[in-house]
Amino acid sequence: MISAIKAIIYYLVVVFAITIEGFPYVIYHSYIHKDHRYRVTRICCGFFRRNFKRFGIKLVVEGSENIPKESGFVMVANHQSFLDINVIFAAVSYTAFVAKSTLWKIPYFGWIMRRTKSIPVFRSDPRKNAGMGKLIAQNTAEGYNYCVFPEGKRSGDGVMFRFQNGIFRIAKQHPVKILPITLINTGNVLPKTKLGLFPGEVKVVIHPVVNPEDYANMTMEELRDGLHDKIESALPYAK
């Protein structure tokens, strides 16, 4: 019961921050200080670091030296929990997302997604996804970072699903820097399968960046499966 109450409070705090604290920040970087629009989500980084401490979540980061010094890269990570997005902000970088299109239908939140240059994925009508690769290439060239969860859904038990092709096909057509990331224990702290927040340690392993020249001679399948295996290798069950 206590864990469920903690989870509800956590979600409410995040919603409050997005709607109250985030709104003026987004307005400022979207319409006033346009030179730094790609940093529009930077406020989330400090917010989630502080929020984790409030809720007893210990964040451990390994490989932070692998984060590119210049923005304009794509993060690829495993997916266990709603917490994953929060952890990316706190441990790695400000970022936009490539995510399911239904999120754009949520009042106000959809507006936030558009202003941050996040990109919707239309699962019911893949034809609407045409041009996504060109858009990602254009935005990363302007300094935007993207985060993608190629499994397409959260794992309920922490065991990784196979990666879907999307982002890897895009990378072969429009080469970008790819930063592989392993998220550990997020599914135990804030589970997908039940309402509850259980304070504990969350670990983030940031692998060396994969540059376009590193995968130029790979097939899309080799790139996809190689990154899956690299990310999976840092999970406890894979050792």
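The values are calculated or read from the model by the stated rules, or taken from the named source; none is laboratory data. From a predicted model like this one, the values you see are computed outputs, not experimental measurements. Please note: Cβ atoms are built from the backbone with ideal geometry, for glycine as well, and neighbour counts cover all protein chains shown.
For this structure, a couple of remarks:
- Enumeration of residues in region 199-211 that are in a loop (DSSP other than H, G, I, E, B) and either surrounded by 15 or more Cβ atoms within 10 Å (Cβ to Cβ) or out of contact with any strand residue (DSSP E or B) (no Cβ under 9 Å at 6 or more places or on another chain) (or both): 207, 209
Table: residues versus (1) surrounded by 18 or more Cβ atoms within 10 Å (Cβ to Cβ); (2) over 11 Å from the mean Cα position of the chain (by Cα).
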position: 50; (1), (2): no, yes
position: 80; (1), (2): yes, yes
position: 84; (1), (2): yes, no
position: 88; (1), (2): yes, no
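- Single residue of 193, 186 found to be over 23 Å from residue 39 (Cβ atoms) and at pLDDT below 95: 193
- Considering residues of region 132-149 that are part of a helix (DSSP H, G or I) and farther than 18 Å from residue 210 by Cβ only, the residue modelled with the lowest pLDDT: 132
- Any chance residue 66 is at pLDDT 85 or above, surrounded by 15 or more Cβ atoms within 10 Å (Cβ to Cβ), of a type in the set (S, T, N, Q) and under 13 Å from residue 181 (Cβ atoms): yes
- Residue pairs meeting the criteria (Cβ under 9 Å; at least 6 apart or on separate chains; first of a type in the set (D, E, K, R), in region 12-32; second modelled with pLDDT of 75 or more): 21/43; 21/47
- Cross-chain or 6+ apart pairs with Cβ under 6 Å, region 131-153 first and closer than 12 Å to residue 117 by Cα, then of a type in the set (Ser, Thr, Tyr): 143/38; 143/71; 144/38; 145/71; 145/93; 145/95; 147/95
- No other residue among 120, 126 is more than 19 Å from residue 71 (Cβ to Cβ) and surrounded by 20 or more Cβ atoms within 10 Å (Cβ to Cβ) apart from 120.
- Residue check for residue 152: out of contact with any helix residue (DSSP H, G or I) (no Cβ under 8 Å at 6 or more places or on another chain) and assigned to a loop (DSSP other than H, G, I, E, B): yes
- Looking only at residues of region 173-198 that are more than 27 Å from residue 71 (Cβ to Cβ), under 21 Å from the mean Cα position of the chain (by Cα) and not small (Gly, Ala, Ser), we find that the one that is surrounded by the fewest Cβ atoms within 10 Å (Cβ to Cβ) is 193.
Every residue, every condition in (1) in contact with a Cys (Cβ under 7 Å, 6 or more places away or on another chain); (2) part of a loop (DSSP other than H, G, I, E, B); (3) in contact (Cβ under 8 Å) with a residue 12 or more places away in the chain; (4) of a type in the set (D, E, K, R), yes or no:
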| position | (1), (2), (3), (4) |
| --- | --- |
| 183 | no, no, yes, no |
| 192 | no, yes, yes, yes |
| 213 | no, no, no, yes |
| 217 | no, yes, no, no |
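- Restricting the search to strands (runs of 3 or more DSSP E) fully inside region 63-131 and requiring at least 3 residues that are in contact with a Cys (Cβ under 9 Å, 6 or more places away or on another chain) gives 74-77, 96-100.
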